[in-house]
Amino acid sequence: MAVMSEITIRSARPEDARGIARLDIETWRTTYAGMLSTAYLVGLSERRREAGWRGAILREPRDVRVAVGSNGAILGFGSCGPNRGDRSFTGEVFTLYVAPDWQNQGIGRRLLIALFRRLVASGRRSAILWVLRENPSRFFYERLGAQQVSRKPIAVGGTAIEAIAYGWRDLPGFLAEVSSQDRESEP
Ligand SMILES: CC(C)(COP(=O)(O)OP(=O)(O)OC[C@H]1O[C@@H](n2cnc3c(N)ncnc32)[C@H](O)[C@@H]1OP(=O)(O)O)[C@@H](O)C(=O)NCCC(=O)NCCS
């Protein structure tokens, strides 16, 4: 197994779109099995997701970050940008996923920090992130200093479910506290 130092966090390139889409669908199916409808999860289209990711990367590659192994495989990804809703947070983390075999090895933390650095570099000093209440991964965000700031009912693939918003009000302050190893990637 590769060691952590062989994993690079970098901005995405258009040719990463396929690998991101594959991992996106794989992690959706493993994460949301039992939470969202099986028919919806089975029906997720890799081609449609790939097109969506290619579009996002072409719009602003620095807003999409990938964790890449020494053989070039995409092991995790995340994306960020301006907050689409509540104006009390200027930035938003839209997605963050790590491949099931690579979870709990620090990749999620490194990706999230890279997204925060990108948000700060683009003038956004706070961030919000929405997660399904039933998703145990939300405790990861609490571990990384987030506070619950809001909740709302949403519908995903026909399932009514509650989403919780986590917020970081001071990204520069948060980043000042993280270790130098976590600050490796370009803003
Ligand atoms: C949530 C996720 C991104 C975290 O990434 P990861 O690489 O597994 O997490 P890391 O190894 O970087 O963990 C960082 C810290 O958070 C803790 N942590 C990770 N997952 C956790 C969880 N589910 N509950 C509580 N703490 C957790 C780790 O123990 C570690 O703690 P430490 O600082 O004491 O070492 C990843 O597990 C994932 O992709 N999960 C499935 C998909 C998903 O739900 N994504 C979020 C959708 S909004």
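Values in this text are rule-based calculations from the coordinates and carry no lab data. The shown structure was predicted, so the numbers you read here are calculated from the model rather than taken from an experiment. So basically every Cβ, Gly included, is an ideal-geometry build from the backbone, and we count neighbours across all protein chains shown.
Largest first and in whole Å, the equivalent-ellipsoid semi-axes of region 63-151 read 22, 16, 10, each the square root of five times a Cα gyration tensor eigenvalue.
Helices of the chain meeting both criteria, an alpha-carbon length of 20 angstrom or more along the long axis and an average Kyte-Doolittle score not below 0.5, with helices taken as full DSSP H segments, are 107-121.
Counting only DSSP H runs of at least 4 residues, each contributing -39500 (n - 2.57), and dividing by the residue count of the chain, the helix-based mean residue ellipticity at 222 nm comes to -10000 deg cm²/dmol. When the Gaussian network model of the chain links Cα atoms closer than 10 Å, the mean-square fluctuations of Ala163, Ala114, Ala127 top out at Ala163. When the Gaussian network model of the chain links Cα atoms closer than 10 Å, the mean-square fluctuations of Gly145, Gly76, Gly108 top out at Gly145. Size of the chain: Rg and Dmax of its alpha carbons, in Å, are 15.8, 44. By the gyration tensor of its Cα atoms, with a ≥ b ≥ c the square roots of the eigenvalues, what is the shape of region 1-87: rounded for a/c under 1.5, prolate for a/b over b/c, or oblate? Oblate, since a/c reaches 1.5 and b/c is not below a/b. For the pair Glu46 and Asp86, the difference between a 0.36 nm per residue extended length and the Cα-Cα distance amounts to 11.3 nm. In this simple spin-label approximation, Ala73 and Arg151 carry label points 7 Å from Cα along the Cα→Cβ vector, and these lie 3.8 nm apart.
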